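Contents: one structure, followed by commentary.
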Amino acid sequence: MKSNRIYMCIDLKSFYASVECRQRGLDPMTTNLVVADPKRSQKTICLAVSPAMKKLGVPGRCRLFEIPKHINYIIAPPQMKLYIDVSADIYGIYLKYISKDDIHVYSIDEVFMDVSDYLYMYKMNAKELAKEIMKDIYDTTGISSACGIGSNLYLAKVALDIMAKRTDDNIGVLNEKMYRRMLWEHRPITDFWRVGRGIANRLEKIGVKTMKDLAKTDENMLYKIFGIDAELLIDHAWGRESVTMQDIKKYKPKATSVGNGQVLGKDCDVKTGKIIVMEMVDSLCLDLTRKNLVCSCITLHVRYNKKYFKKYSHGTITIPTLTNSSKTISSYVSKLYDEIVLKDALIHRFYITFNNVTNNDIYQYNLFDNIEENKKEEVLQKTIINIKDKYGKNSLLKGMSLKEGATARERNMQIGGHRSGESK
């Protein structure tokens with residue numbers, strides 16, 4: 001077990017909502033604002049609510065109709081491009097203090113940092129350095145933050161999620177002894193990192209409701225229930241974590257894949273569904289070309305509407321050669337789609353994964369490859385990418401994207417399934 005390290009986990013408070021408030025010259029701590037797309041129904045999930053709304057008891061990921069009627073609030077349409085830009089600016093602030101080699105970006109609004117080797121240099125303790133960085137973030141962007149400090153990555157995260165909420169300075173501190181003394185009997189157990197409702201329900205069936213209960217439970221029983229994942233649960237029950245920042249930076253996955261998914265705003269029939277899938281394939285192929293990657297295996301997952309709630313279609317098809325050709329990949333996905341999709345069902349969700357992804361530069365062509373044809377299409381796809389980069393993603397579209405039910409034009413105006421805020 002590696003020790004003697006000090007980690008920080010910094011979270012930007014109600015990030016999307018805070019950015020929207022600051023853009024309007026408003027204080028997120030006193031302004032009632034939610035980030036949600038007003039063009040969608042009242043059932044749409046709010047991406048964020050301001051800290052002022054949270055003080056009124058409104059949860060961060062509620063639906064619009066769940067907000068009490070007596071609360072007056074501003075609805076801010078999502079601007080994902082803006083949030084990414086602000087997040088990048090804040091990452092630049094982190095780099096003023098800590099090397100990128102000691103920073104792990106966990107999400108758009110949260111980072112882990114190994115500050116062990118910086119405290120002596122700055123002649124500060126971890127809490128003083130945290131305050132300095134948090135003040136810099138606020139002074140530069142107007143965004144408030146919270147911080148967890150721990151003797152390992154897990155404790156830094158738990159210190160952020162649980163302990164920081166109890167302090168006036170929004171900084172929580174934990175080591176293993178403090179964790180066992182202060183949080184072993186904390187409930188609900190779902191407040192702890194990586195313990196979701198599913199895991200909590202399975203633990204409760206064997207009488208485990210707290211981390212102390214978990215630490216005292218027979219390990220063989222836990223391995224029988226959770227398999228190899230029990231090792232992580234057992235370590236976390238005691239406040240241990242063996243993974244370090246260095247381990248994260250060194251990690252390289254054995255297999256690489258890229259994927260694209262979407263939940264439809266309106267369920268569609270099989271014919272329209274195929275158009276949407278082909279659009280998704282075309283988009284992923286351009287991504288492969290942009291990154292100089294190729295693949296040889298495609299997986300398609302389809303979920304249906306409530307009438308077929310428990311049914312889904314799932315299939316994988318292998319291409320004889322590695323490729324990023326939209327023409328080639330589309331033909332195989334079309335065949336897979338026709339084979340697996342229920343013909344009389346309305347479709348609600350798609351997910352496509354390109355598997356066995358590798359760098360195009362190290363791929364060795366074989367006798368079955370049409371090298372000239374491949375090069376021609378690669379040039380074409382690179383030209384399309386250049387046009388889209390210069391004039392916007394909707395500046396050049398295939399005919400299928402102009403058909404009724406196609407979603408590419410709308411999705412080209414989104415980032416992560418939400419409005420980007422850009423006009424192009």
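Each reported figure results from applying straightforward, stated rules to the coordinates on display, with no laboratory input. Just so it is clear, the structure is predicted and the values come from calculations on it, not from any experiment. Methodologically, a virtual Cβ is constructed for each residue, glycine included, from the backbone with ideal geometry; neighbour enumeration extends over all protein chains shown.
Listing for the model above:
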| read-out | value |
| --- | --- |
| Antiparallel content of DSSP bridges confined to the chain, in %, to 5 | 85 |
| Calculated [θ] (222 nm, deg cm²/dmol) that DSSP helices of n ≥ 4 give over the chain, each run adding -39,500 (n - 2.57) | -11000 deg cm²/dmol |
| In region 159-204, the trypsin sites (Lys or Arg not before Pro) that fall in loop regions by DSSP, at most 14 other Cβ within 10 Å | Arg194 |
| Under the Karplus curve 6.51 cos²θ - 1.76 cosθ + 1.60, θ = phi - 60°, whole-Hz ³J(HN,Hα) for region 91-106, x wherever Gly or Pro sits | 4, x, 5, 4, 5, 5, 10, 10, 5, 4, 5, 10, 10, 10, 7, 8 |
| Base-10 log of normalised Debye intensity for region 7-171 (one unit scatterer per alpha-carbon) at q = 0.08, 0.16, 0.20 Å⁻¹ | -0.25, -0.91, -1.28 |
| Cross-link partners of Lys123 among lysines (Cα-Cα below 19 Å; sequence separation of 8 or more within a chain) | Lys96, Lys131, Lys135 |
| Relative contact order, percent, region 6-107 [alpha-carbon distance under 8 Å, six or more residues apart] | 24 |
| Over region 30-70, equivalent-ellipsoid semi-axes from the Cα gyration tensor in Å | 16, 10, 8 |
| Three principal axis lengths of the chain [C-alpha, angstrom, descending] | 64, 53, 50 |
| Ser313, Ser107, Ser395 arranged by Cβ crowding within 10 Å, fewest neighbours leading | Ser107, Ser395, Ser313 |
| Cα-derived Rg over Rh, computed across region 259-419 with Rh taken as Kirkwood radius | 0.97 |
| Sparsely packed GluC sites (Glu not before Pro) within region 108-206, loop by DSSP, other Cβ within 10 Å at most 14 | Glu185 |
| Volume of the Cα convex hull of region 152-193, divided per residue and given in Å³ | 62 |
| Estimated translational D of region 184-248 in µm²/s (Stokes, Kirkwood radius over Cα pairs; 20 °C; 1.002 mPa s) | 177 |
| ³J(HN,Hα) computed for each position of region 318-328 - Karplus, 6.51 cos²θ - 1.76 cosθ + 1.60, integer Hz, glycine/proline x | 9, 9, x, 9, 5, 7, 10, 5, 4, 5, 5 |
| Kirkwood-Stokes translational diffusion coefficient of region 82-153, alpha-carbon pairs, 25 °C, 0.890 mPa s, µm²/s | 194 |
| Value of Rg to Rh for region 250-293 (Rh from inverse mean 1/r over Cα pairs, i.e. Kirkwood) | 1.13 |
| Spatially proximal lysines relative to Lys55 (Cα-Cα < 17 Å; intrachain offsets below 8 disregarded) | Lys13, Lys69, Lys165 |
| Coil-residue chymotrypsin sites (Phe, Trp or Tyr not before Pro) of region 221-269, DSSP, other Cβ within 10 Å capped at 10 | Tyr251 |
| The chain, dipole about Cα centre (Lys/Arg Cβ +1, Asp/Glu Cβ -1), debye to the nearest 20 | 1180 |
| Among His236, His314, His70: highest mean-square fluctuation, GNM of the chain, C-alpha pairs under 10 Å | His70 |
| Packing rank of 117-125, 331-339, 317-325, where each peptide gets the mean count of other beta carbons within 10 Å, highest leading | 317-325, 331-339, 117-125 |
| Alpha-carbon Rg with Dmax, taken over region 1-75, Å | 15.5, 53 |
| Residue of Pro68, Pro28, Pro253 that the Gaussian network model of the chain assigns the largest fluctuation, springs spanning Cα pairs under 10 Å | Pro253 |
| Among Leu33, Leu233, Leu380, residue whose mean-square fluctuation peaks in a GNM of the chain (springs only between Cα atoms under 10 Å) | Leu380 |
